[in-house]
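Here's the structure we're looking at; comments come further down.
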Amino acid sequence: MSNNTEFPFAKARRITPEEVNQAKTAIQKQFGDEYIVRSKDDDYELISLKINPKIIAWAKNEAEKQGINYQVFLNNELLKLCS
C-alpha cells in the first residue's frame, strides 16, 4: 500500500448537478427546515474579531443544540438584534 497522503485530484471526477441536489436534499432532510444553505451570492463580509471566550463557549453550546455551526448561530443572533 502506498504512503501517499495526497488526494489524486487529477484522477478525481466531478460530481454531477444531480448528485449535488441529492446531497442538499439529504442534508435538509437530516437537519430540517431550519438548515440554512448559503450561496456564493449571499452578502457576507469576512472579518476577524476578538470575542470573550465565555461568549464563544455559549455560542458553541447553543449552536450544538440547534445542530448548526456556532458562527452561523452568532450571525443569526446578531441579525435578530438588527431587526
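Using the count of nearby Cβ atoms within 10 Å as a rough guide to exposure, how do 73, 7 rank from fewest to most? The partial results should precede the final answer.
On the way: 73 19, 7 8.
Ordered by Cβ neighbours within 10 Å, fewest first: 7, 73.
Could you pull the Cα extents of the stretch 9-82 along its three principal axes, largest to smallest, in whole Å?
44, 28, 23
For the cross-link pairs 24/54; 24/65; 24/80, which exceed 28 Å when the distance is taken from alpha carbon to alpha carbon?
24/54
So how much slack lies between residue 71 and residue 50, counting 0.36 nm per residue of separation and subtracting their Cα-Cα distance, in nm? Don't skip to the answer; put the middle values down first.
On the way: separation 21, 0.36 × 21 = 7.56 nm, distance 1.34 nm.
Working it through step by step, the gained length comes to 6.2 nm.
Bear in mind these aren't lab numbers, they're just calculated from the coordinates by the rules spelled out. Quick caveat, the model's predicted, so the values are computed rather than measured. Note that we place each Cβ from the backbone using ideal geometry, even for glycine, and neighbour counts take in every protein chain shown.
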